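A.B. asks: Here's a structure for you.
The values are calculated or read from the model by the stated rules, or taken from the named source; none is laboratory data. The model shown is predicted, which means the values in this text are computed figures rather than measured ones. As a convention, Cβ positions derive from the backbone with ideal geometry for all residues, glycine included, and neighbour counts pool all protein chains shown.
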Amino acid sequence: MTKSPVEVWLWLLLVMQPFNKKTHYILEQCGGDASEACRNIRDGKYNFLSDVERKNAESVRTKDVRELLDDCAENAVSVITLDSGEYPPLLRGIDNPPIVLFAAGSLDGLDDCVTLSAVGARNISEYGVKVAHRIIEPLAKLGVVITSGMAVGADAECHKSCLAAGGRTVGVLGCGILVNYPAENAELKRSIIKNGGAIISELLPRSRTFGEYFHIRNRIISGLSLGTLVIEAGHKSGSLLSANHALEQGREVFCVPPQDLFSTRYNGVVELLRKGASPVYGFTDILDKFSIYFQNEKYLKDRVAEFEKTLHEYKAPQKPRKKASKSDEAAEETSKESSSPELTEELLSSLEPRERDVLKLLSKAPSKIDDVIEKLGADYTEIAEVLTNLELSGYAVRGQDGVYTIT
């Protein structure tokens, strides 16, 4: 792609307006040269332009571009063009990527990071909040960058979970970057920027929000990431749109199993799971899918210590030892039995009947979900929900090998 001055890209944006597929068609005809595209538009070479686009081409002047640049400079807003080195490579590869991103904060180095989008319902449940914190926080500690939509509810919880772990997060706005929407997230925006993340938008900086745009915006949320995690979603949820964008973009889609299989709150999640989305019972399920990226030496260089610290509870290292005698083996078995985690009556009485059954089973022997289902004669959905609840409550933990143990 030929490098063009930022003024050229802004003129193109003011004329064609954001998320216009015709802009990319013109750029393709010009070999990616934005300067040539602008000249051709001014010269009237494209008969498929709308009357509004033709009028814009006649009326937008250099002073309009300069005023826009000055407004951005006065408010510490970066202008990142499609041919800029700071433009996220994953996003550049989607269908109809933004030709300009307006950003507060920094997107530097995003191509060296594992990125995950996390979305969900605006009226997120207590279960959803728990899930967000238990999955997002350890991922953020490992350096995973979390992207979401800055909306109230699940989006905000995902951003907050990442920040709580000292992680880096990117918020994609459904309005211009200089518009305070939603107002209750103003402090969250400041925290994201302060912690090394960014707030971005493809809309002109002072553009107000409008309903239809949120659907269009979701392509950016998924496009920034290797995969999208859906925490909660009803049948007509915007989170489904993010997931569908992710599928179209060839990215992974993850879903948290519903707390209530028959609640309308989770209809969208059930639909995605039926279509083949990967169920997530803990953050290690996401690590398993992204393991190839975590093996990248450049990525892990500064994170190995934190990586091992976070995973030590899932897979304790085994010390080499000499072969034991039969008497030693017998003594070890006795020791294992006596050192099994204690399930007090107080603890058991606080659980649901099926949770007690599963926890007792795990106290005798760590097990995979299929083993639990077979031994208790229960169905998959019920046991998956129980194990998720036990893990979220801190009573059980799932290892990288899929084996559950009690804590």
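A.B. asks: Out of L261, L273, I need the residue that is in a loop (DSSP other than H, G, I, E, B) and closer than 18 Å to A384 by Cα. Which one?
C.D. replies: L261
A.B. asks: Then there is this: Restricting attention to the stretch 253-272, which residues are farther than 16 Å from N123 by Cβ and either of a type in the set (S, T, N, Q) or in contact with a Phe, Trp or Tyr (Cβ under 8 Å, 6 or more places away or on another chain) (or both)?
C.D. replies: Correct list: P257 only.
A.B. asks: Checking F283 against (1) touching a residue at least 60 places away in the same chain (Cβ under 8 Å); (2) more than 21 Å from I136 (Cα to Cα); (3) of a type outside the set (V, I, T): exactly one of these is not met. Which one?
C.D. replies: In the conditions (1) touching a residue at least 60 places away in the same chain (Cβ under 8 Å); (2) more than 21 Å from I136 (Cα to Cα); (3) of a type outside the set (V, I, T), F283 misses (2) alone.
A.B. asks: Report the residue count in the stretch 1-56 for those that are within 29 Å of A73 (Cα to Cα), touching a helix residue (DSSP H, G or I) at 6+ places or on another chain (Cβ under 6 Å) and assigned to a loop (DSSP other than H, G, I, E, B).
C.D. replies: 2
A.B. asks: What single numbered condition from (1) in contact with a Lys or Arg (Cβ under 9 Å, 6 or more places away or on another chain); (2) in a helix (DSSP H, G or I); (3) aliphatic (A, V, I, L, M); (4) under 18 Å from P258 (Cα atoms) fails to hold for A121?
C.D. replies: (2)
A.B. asks: If you don't mind, there's one more thing I want to ask. Select, from D83, D111, D155, D71, the only residue that is part of a helix (DSSP H, G or I) and either more than 17 Å from the chain's Cα centre (by Cα) or among the hydroxyl-bearing types (S, T, Y) (or both).
C.D. replies: D71
A.B. asks: Would you be able to tell me the number of residues in the stretch 86-105 that are surrounded by fewer than 20 Cβ atoms within 10 Å (Cβ to Cβ) and either in the same structural domain as G196 (by TED's automatic domain parsing) or outside any loop (DSSP other than H, G, I, E, B) (or both)?
C.D. replies: 3
A.B. asks: Got at least one residue in the stretch 101-115 being touching a residue at least 24 places away in the same chain (Cβ under 8 Å) and under 20 Å from S278 (Cβ atoms)?
C.D. replies: Yes.
A.B. asks: Please go through the stretch 194-247 and give me each residue that is part of a helix (DSSP H, G or I), among the hydroxyl-bearing types (S, T, Y), at pLDDT below 95 and over 17 Å from Q17 (Cα atoms), ordered by number.
C.D. replies: S239, S242
A.B. asks: Buried (at least 17 other Cβ atoms within 10 Å of the Cβ), of a type in the set (D, E) and touching a residue at least 12 places away in the same chain (Cβ under 8 Å), is that true of D83?
C.D. replies: yes
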